[in-house]
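All remarks here apply to the structure that follows.
The values are calculated or read from the model by the stated rules, or taken from the named source; none is laboratory data. Fair warning: this is a prediction, and the values are worked out from it, not measured in the lab. Positions of Cβ are backbone-derived with ideal geometry, glycine not excepted, and every protein chain shown enters the neighbour counts. The protein model used for the area step is the full one, side chains on, heavy atoms only, and it has no ligands, DNA or RNA in it. Shrake-Rupley method; radii C 1.70, N 1.55, O 1.52, S 1.80 Å.
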Amino acid sequence: MSNENLVGWMTATQQYVENALEAALPDEQRAPQQLHQAMRYSTLQGGKRVRPLLAFAAGELVAADAANLGRVACAVEMIHAYSLVHDDMPCMDDDVLRRGKPTCHVAYDEATALLVGDALQTLAFELIATPLPGVDAAQQLAMVRLLAQASGHAGMAGGQAIDLASVGRSLNQTELEFMHLMKTGALIRAAVLLGAMCGQPLSAEHTDSLDHFAKRMGLAFQVVDDVLDVEADTATLGKTAGKDEANDKPTYVSLMGLQQAKQFARELYNDALAALAPFGDKAARLKQLADYIVARSF
C-alpha cells in the first residue's frame, strides 16, 4: 500500500471516529451545560487519533464490523482524552496548552476539568459495555475488563503515578520501560487488542503475536514522543515543547541521548513488524501505521 493510500484511509477513519464521538458525547445544550461543553471541547477536533486508527487497523485482521470498531475507538479515545485533561491540571503536569488550544482547566476551571475526566471515563465504559452486534457476551465482558486494566492502577493511572514519583530521579532503562508500558503503552495495546476482538476470534498464537506488536509499538510511540519533546516546537506539537526537560522528568533522551533514543525507536519498530509476519498481507495497515508512528520525527 502506498503512503497516499494510507493518508486517504487515515483521513476517512479519523472523520468516521470524529462523527462517532460527536454522536456519543452529550449535547452541549443539555444540562449541566458547562460540563457537556467542556467534555466536547476536550475530546473533539483534536489529536491524531492514533489509538482509534490502531483499533481500526487491527480490525482489518478479523473482518470486524465498522460500527463496532467505531464504538471501541470512541471508548479508547475518551479514556485518552480524560487522561490528558487530568494530566494537564496544576496538581499533575500543570500545562496550559493541549492540541493547540488552552487546556480544559484553563478554558473552564479546575473543578470542571476534574469532572470532565470523570465523566469521559465513565462514558467510555458505558459505550464498551453496550451490546456489540455479533460479539458474544463473554467476549464483550473480556473487552470491558481489558479496557479497565489498561486504564487503572496496573495501566495508565499506575504509570502516571510512577511518572510523578520519578521527577528529579534517574531511572534505568528497565524502570523507564516499566513505567511507559503502563502509562502510554497499556492504552495503545488495548486499542489494538480491542479492535481485534471485534471480529472473528484469533488463535492463541496470533493473539500473542499481535500483543507483542502492540507492546513494542506502545514503547516506540513513547520514545518518539520523547524525541519530539526535544526536537519539535510548540506549534508542531500542539503542547508545550521542552516540558519534560524543564520538569526534570526521566525520558529516553535523558537516559540514552538523542541519537541512541532514535535508534532504540527503530529497533522497537523492527521487532514490532517481525511480530506481524504470521498475518501476511492482512497486517498491511498495521505496518503502515507503525511506519507513521516512528517516522513522526525521523
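With contributions of -39500 (n - 2.57) from each DSSP H run of at least four residues, the per-residue ellipticity at 222 nm computed over the chain stands at -22000 deg cm²/dmol. As a ratio to 2.2 N^0.38 Å, the alpha-carbon radius of gyration computed for the range 62-199 takes the value 1.13.
For the set LYS287, LYS101, LYS282, the ranking by accessible area, highest first and with no ligand, DNA or RNA atoms included, is LYS282, LYS287, LYS101 under a 1.4 Å probe. Taken over the chain, the ratio of Cα radius of gyration to 2.2 N^0.38 Å equals 0.96. Taking all protein chains together, ASP208, ASP118, ASP95 sort by accessible area into ASP208, ASP118, ASP95, largest first [probe 1.4 Å]. Amide H contacts of LEU97 (H built 1.01 Å from N, in plane; Pro and chain starts excluded): THR103, THR240 sit under 5 Å, all sequence-distant by 5 or more or on other chains. Annotation: peptides 77-85, 21-29, ranked by per-residue average of other Cβ atoms within 10 Å with the highest first, follow the order 77-85, 21-29.
With the other protein chains left in place, how much accessible area per residue, in square angstrom, belongs to the chain at a 1.4 angstrom probe?
Solvent-accessible surface per residue comes out at 43 Å².
Near LEU276: Cβ cut-off under 14 Å, other residues only, Lys/Arg at +1 and Asp/Glu at -1. The net charge is -2. Spacing of the modelled spin labels on VAL96 and GLN15, each 7 Å from Cα toward Cβ, amounts to 3.6 nm.
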